[in-house]
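Participant: Could you have a look at this structure, given as structure tokens, before my questions?
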Amino acid sequence: MPRYTEQWIRTSRRTPGIFIFGMVLSPCGLLLDLIATVAPNWRTINTIAGRPTDTYLEQGIWDMCQASASSQTVQCNQPDTIYFQNQIIPIAQGLMVASLIVTLIGLGTAIPGVRCWRDHPNWVVAGLGGLIIFLSGVLTIIPIAWYTKILQNITATTTSNDIRVGYCIVLGYIGGIFEVLGGIVMVVGMCRCCGGKNRGETRVVENTAHFRHTKPPPRRIEVPSISRTRSTASSVPYSQDSMAEEVDFPRAKTTSYGGRKPAYDADL
């Protein structure tokens, strides 16, 4: 009975597209999350009572700054113990820092598995790195979404009715989504689906019994043949008549002067 075995062969030695997608989005998300963590602009308080109308406060999870629309001066390290005592602030600090650390761990795990200078990437290691990157994106989205939900209810020393979302919230959302998407597509590489298209592979079926019991045909070696032309030379001397018959060019005509024959014939 013939026995058939299936093998999956990569159609190209290039890095799979899912790994390229994940390894591009993950560092971008890491950079955006870093800016959202350290920048003091999670929310902006405008129209502050007792201060000029163009003065506003930028509140983050680590610092608070006072700026003015009419001047370029920015005064940071503004004291506000009530704001930093809110429950969301220490939780956001811990989760954002943890997200950055977990993202670095995920990239360090995924890079050895994605390495494109090998014929076959390590799908399990790369997928595990993608799972870690996915978790880091979740750690970023949780405090960002929570802060956005209670944006108007966060207490502070300075009160105002004009409270707006800062750019750190936007960057945090984008960075977290980048990490979540990059991690998901890298995890997809752990399982072979869609006929191996997610890995860039194709299936090949081989008959192992045929190759086991059948001897390979003998190798045929072709030797070039050397044909020798026969020489027309002969040891038998030709007669004068035969030589005259074999001459291809016409012989010159002899002319007599005064009825006398020439002493020799002229051959041209």
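The values are calculated or read from the model by the stated rules, or taken from the named source; none is laboratory data. Everything numeric in this text was worked out from a predicted model, so none of it was measured. Note that each Cβ is placed from the backbone with ideal geometry, even for glycine, and that neighbours are counted across all protein chains shown.
Participant: Which one of the conditions (1) touching a helix residue (DSSP H, G or I) at 6+ places or on another chain (Cβ under 8 Å); (2) surrounded by 15 or more Cβ atoms within 10 Å (Cβ to Cβ) does residue 86 fail to meet, given that it meets all the rest?
Facilitator: It fails just one condition, (1).
Participant: Go through (1) closer than 30 Å to residue 181 by Cβ; (2) without any contact (Cβ under 8 Å) to a residue 12 or more places away in the chain one by one and return the number of the condition residue 58 breaks.
Facilitator: (2)
Participant: Is there a residue being of a type in the set (S, T, N, Q), modelled with pLDDT under 85 and surrounded by 14 or more Cβ atoms within 10 Å (Cβ to Cβ) anywhere in region 30-39?
Facilitator: no
Participant: A follow-up question, please. Within region 110-122, count every residue that is outside any loop (DSSP other than H, G, I, E, B) and either of a type in the set (Asp, Glu) or surrounded by fewer than 19 Cβ atoms within 10 Å (Cβ to Cβ) (or both).
Facilitator: Selection size over region 110-122: 2.
Participant: In region 152-164, is there at least one residue being in contact (Cβ under 8 Å) with a residue 12 or more places away in the chain, surrounded by 12 or more Cβ atoms within 10 Å (Cβ to Cβ) and assigned to a helix (DSSP H, G or I)?
Facilitator: There is no residue in region 152-164 that is in contact (Cβ under 8 Å) with a residue 12 or more places away in the chain, surrounded by 12 or more Cβ atoms within 10 Å (Cβ to Cβ) and assigned to a helix (DSSP H, G or I).
Participant: Inspect region 106-124 for any residue being over 17 Å from the mean Cα position of the chain (by Cα), more than 19 Å from residue 171 (Cα to Cα) and modelled with pLDDT under 85 and give the result as yes or no.
Facilitator: For region 106-124, residues over 17 Å from the mean Cα position of the chain (by Cα), more than 19 Å from residue 171 (Cα to Cα) and modelled with pLDDT under 85: present.
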